[in-house]
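A quick write-up on the structure given underneath.
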Amino acid sequence: MVLINSTLSAYPSYQMQCFEFPKSVLDEFDKLQRDFWWQKDNPKKEFYPKAWDDIRTSKVSSGIGIRDPYKVNMSLLAKLAWRMLKNPEDLWVKILRGKYFPRAHPFHKNKDYEISWIWHSIRSGLQIIKENCIWQVGDGRSIHVTLDNWIPDVGTLSNWHNEDIKFVSDLITVEGGWNIDLIDSIFQPRIANKIKSVHLS
């Protein structure tokens with residue numbers, strides 16, 4: 001286990017911090033770990049008392065702690081994407097923003113045109129963050145009603161459409177409170193109640 005975690009699973013980690021590896025490559029990394037663990041080059045050792053998926057789980061979950069290459073790759077890309085969100089004034093972030101999202105939030109889907117491998121990889125990390133976080137509404141000016149996750153226990157409203165309502169700020173009155181009548185008229189009761197329960201700060 002020490003040899004696997006210190007060599008086989010560690011040597012591609014530098015590249016995994018920047019690039020999303022093809023699944024076939026990650027499967028090959030996993031195969032190298034599995035074959036080494038089971039000593040498949042030794043025909044006398046062909047005995048597998050436990051499933052590889054069980055061995056590969058974390059120690060907290062009663063596994064051995066050998067890392068899954070796919071999860072390692074995705075977690076490192078999510079970390080890189082988080083750095084980009086938290087440090088918008090860094091030079092590398094300014095370069096990416098100038099090329100790929102000059103007038104939009106990086107969470108929002110960009111047009112389908114040819115993009116670099118590194119930006120494609122960061123977008124994979126952004127997707128993980130987007131699926132596991134929720135916006136604090138505030139004034140709602142930068143939160144897109146359908147593209148962002150801002151309603152607790154609801155997720156994105158990808159199937160909801162209204163040409164007049166684009167940002168969450170369109171649902172807030174000039175006094176800084178929810179426009180109750182508007183919300184009740186355009187959303188289903190369950191979603192409307194969830195929205196009205198969100199605290200505006």
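Residues being open to solvent by 80 Å² or more (accessible area, probe 1.4 Å), at pLDDT 90 or above, more than 19 Å from HIS105 (Cβ to Cβ) and not in a loop (DSSP other than H, G, I, E, B) are entirely absent from region 165-178.
Screening ASP53 against (1) of a type outside the set (S, T, N, Q); (2) part of a helix (DSSP H, G or I); (3) more than 13 Å from the chain's Cα centre (by Cα); (4) surrounded by 12 or more Cβ atoms within 10 Å (Cβ to Cβ) leaves a single unmet condition, (4).
Kindly indicate which of SER185, SER201 is open to solvent by 70 Å² or more (accessible area, probe 1.4 Å), farther than 20 Å from LEU85 by Cα, part of a loop (DSSP other than H, G, I, E, B) and among the hydroxyl-bearing types (Ser, Thr, Tyr).
Details: SER185 fails: part of a loop (DSSP other than H, G, I, E, B).
Residue meeting the stated conditions: SER201.
Checking each residue in region 114-148 for being open to solvent by 20 Å² or more (accessible area, probe 1.4 Å) and in contact with a Cys (Cβ under 7 Å, 6 or more places away or on another chain) picks out only ILE118.
When SER158 is tested against (1) modelled with pLDDT under 90; (2) surrounded by 10 or more Cβ atoms within 10 Å (Cβ to Cβ), only condition (2) is not met. Contact annotation: residue pairs with Cβ atoms under 6 Å, 6 or more positions apart or on different chains, pairing a residue in region 117-130 that is free of Cβ contacts under 8 Å to residues at least 24 places away in the same chain and assigned to a helix (DSSP H, G or I) with a partner that is of a type in the set (A, V, I, L, M, F, W, C) and buried (at least 17 other Cβ atoms within 10 Å of the Cβ), are LYS130/PHE107.
Assess whether SER75 counts as being out of contact with any helix residue (DSSP H, G or I) (no Cβ under 7 Å at 6 or more places or on another chain), under 28 Å from ASP27 (Cβ atoms) and open to solvent by less than 90 Å² (accessible area, probe 1.4 Å).
yes
The values are calculated or read from the model by the stated rules, or taken from the named source; none is laboratory data. Model, not experiment: these values are computed from the prediction. Note that each Cβ is placed from the backbone with ideal geometry, even for glycine, and that neighbours are counted across all protein chains shown. Remember, those area values only see protein heavy atoms, side chains included, never the ligands or the DNA or RNA. Shrake-Rupley method; radii C 1.70, N 1.55, O 1.52, S 1.80 Å.
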